[in-house]
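Beneath this line is the structure, given in structure tokens, with notes to follow.
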């Protein structure tokens with residue numbers, strides 16, 4: 001459909017695709033190519049993800065990303081927060097559920113009511129599983145859209161019980177679950 005405006009043909013709708021914003025940690029970093037393969041034809045995709053980042057570490061990036069007014073936002077954060085007591089990780093401070101929850105609320109809020117914000121819950125089959133389970137319960141109780149990554153778990157997707165990073169098959173399933181959630185927005 002086109003509209004006639006002062007003798008010129010003008011498209012009735014914008015030709016630009018809606019914006020899809022990903023915010024995440026190393027799990028999102030290693031999934032970036034699959035995310036682009038899955039969504040680039042339907043959305044303008046922005047992936048802001050950093051290895052080792054916590055929810056607090058992504059607050060400013062979320063504020064910057066919000067200025068682009070994405071239609072859909074996928075947040076895959078929290079793994080590094082709950083893992084902060086592990087000796088192998090260097091964290092700014094000990095894990096604080098209240099701080100992580102406040103950070104996630106702030107990230108959701110910064111995008112405003114017009115954005116469809118989706119959270120991805122955490123793999124609970126790792127050393128810090130009780131903390132991940134607690135955060136997952138809070139995510140599901142607090143936000144209307146949460147991808148249930150924990151329920152999709154298959155041990156074959158991970159090299160060990162201390163590695164939260166899925167292999168290619170696990171990433172493919174994660175991206176499929178995210179796509180289902182994005183399609184519901």
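None of the figures in this text is laboratory data; all of them are computed from the coordinates on show. Please read these numbers as outputs of a predicted model, since none were measured by experiment. Glycine gets a Cβ as well: all are built from the backbone with ideal geometry, and neighbour counts include every protein chain shown.
Computed quantities for the displayed model
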| quantity | calculated |
| --- | --- |
| Helix-only [θ]222 nm of the chain, DSSP H runs n ≥ 4, -39500 (n - 2.57) each, per residue, nearest 500 | -12500 deg cm²/dmol |
| Degrees, to the nearest 10: 55-66 long Cα axis against longest axis of the chain | 0 degrees |
| Helix 129-142 axis, angle to the chain major axis (alpha carbon atoms, nearest 10°) | 30 degrees |
| Sequence-separation-based contact order of the chain, relative, with Cα cut under 8 Å and 6+ spacing, percent | 20 percent |
| Largest-first principal axis extents of the Cα set of the chain (Å) | 69, 33, 27 |
| Angle between the chain longest axis and helix 26-39 axis [Cα atoms, degrees, rounded to 10] | 30 degrees |
| Alpha-carbon centroids, segment 18-35 and segment 67-84: separation in whole Å | 9 Å |
| Protection proxy ranking, peptides 69-79, 47-57, 113-123, average beta carbon neighbours within 10 Å, highest first | 69-79, 113-123, 47-57 |
| Sorted peptide list for 17-25, 132-140, criterion being average Cβ within 10 angstrom, highest first | 17-25, 132-140 |
| Sites residue 176 and residue 48 - FRET efficiency at Förster radius 22 Å, r taken between beta-carbons, to 0.05 | 0.55 |
